[in-house]
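Down below is the structure, laid out as structure tokens.
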Amino acid sequence: MITVLIIVGVIVVLIGLFIWVTYNSLVTLRLRVDEAWSDITVQLKRRLDLIPNLIETVKGYAAHEKGVFESVTEARTNVMNAGSVKETAAAENQLEGTLKSLFAVAEAYPDLKASNNFIELQKELVDTEDKIQAARRFYNNGTMTLNTKIQTFPSNVVAAMFSFKNREFFELDEAEQAKAEKPVEVKF
């Protein structure tokens with residue numbers, strides 16, 4: 001009888017230990033995903049802060065390109081107002097397209113392309129884009145790891161007990177991805 005109680009006690013302790021370790025690993029993964037999302041929002045804010053300066057620089061050379069400026073401003077506002085990962089990704093896709101249009105306009109103005117202010121802003125935007133891409137990869141990797149742990153047995157039992165939810169990936173939709181892979185067409 002004592003042997004049975006010891007075996008049951010050991011099993012209960014092992015189950016408790018498993019729940020404890022699994023819960024802590026899920027919390028750690030969730031916090032890493034939250035941190036990665038924070039990194040993305042920091043870089044998005046940095047890019048959003050650069051855009052008004054870029055628009056003003058281009059306006060000085062191409063004042064009649066009002067439609068492009070309005071599109072970029074609207075897309076920037078949509079990114080700032082996005083709430084979820086999915087909304088942010090959609091707004092980001094729109095912003096990337098409008099920025100390509102803005103740079104296509106800039107191609108038509110040699111004086112603008114030679115402007116130190118424009119060149120510096122362009123460099124900062126490229127650097128920020130690289131950081132956003134790295135942050136997206138880090139976020140999506142963390143999201144994949146968390147989602148895998150939430151969905152696979154036996155950790156899915158603990159995840160369900162404590163209401164852990166899958167996270168959305170931050171990615172381009174297929175139509176936008178196809179656009180992003182095509183080079184900007186510049187016509188004079």
### Query
Is there a residue in segment 138-154 that is of a type in the set (D, E, K, R) and at pLDDT below 90?
no
### Query
Which one of A106, A75 is closer than 22 Å to F169 by Cα, assigned to a helix (DSSP H, G or I) and among the hydrophobic types (A, V, I, L, M, F, W, C)?
A75
### Summary
Across (1) touching a residue at least 12 places away in the same chain (Cβ under 8 Å); (2) closer than 30 Å to Y61 by Cβ; (3) of a type in the set (S, T, N, Q), Q133 clears everything bar (1)
### Query
Which of the residues that make up segment 105-126 are touching a helix residue (DSSP H, G or I) at 6+ places or on another chain (Cβ under 9 Å) and either buried (at least 16 other Cβ atoms within 10 Å of the Cβ) or within 13 Å of R47 (Cα to Cα) (or both)?
V105, A106, Y109, L112, S115, F118, L121, Q122, E124, L125
### Message
Among the residues in segment 14-35, are any of a type in the set (D, E, K, R), in a helix (DSSP H, G or I), at pLDDT 95 or above and surrounded by 17 or more Cβ atoms within 10 Å (Cβ to Cβ)?
### Response
yes
### Task
Test each condition in (1) modelled with pLDDT of 95 or more; (2) of a type outside the set (D, E); (3) surrounded by fewer than 12 Cβ atoms within 10 Å (Cβ to Cβ) for A63 and report the one that comes out false.
(1)
### Query
Could you list, in sequence order, the residues of segment 156-188 that are modelled with pLDDT of 95 or more and small (G, A, S)?
A159, A160, S163
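Looking at the structure I just gave you, is L44 under 16 Å from the mean Cα position of the chain (by Cα) and assigned to a helix (DSSP H, G or I)? Step through it out loud before you land on a result.
Working: under 16 Å from the mean Cα position of the chain (by Cα): yes; assigned to a helix (DSSP H, G or I): yes.
Here the answer is yes, as L44 does meet what is asked.
Please enumerate the residues belonging to segment 66-86 that are among the basic types (K, R) and without any contact (Cβ under 8 Å) to a residue 40 or more places away in the chain. It would help to see each step written out before you state the result.
Start the filter on segment 66-86 by keeping residues that are among the basic types (K, R), which leaves 66, 76, 86.
Result: K66, R76.
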### Query
Just to be sure, is G97 under 22 Å from the mean Cα position of the chain (by Cα), closer than 27 Å to R137 by Cα and not in a helix (DSSP H, G or I)?
no
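The values are calculated or read from the model by the stated rules, or taken from the named source; none is laboratory data. Treat the numbers as computed from the prediction; the structure is a model and nothing was measured. Counting neighbours? That spans all protein chains shown, and the Cβs are built from the backbone with ideal geometry, glycine included.
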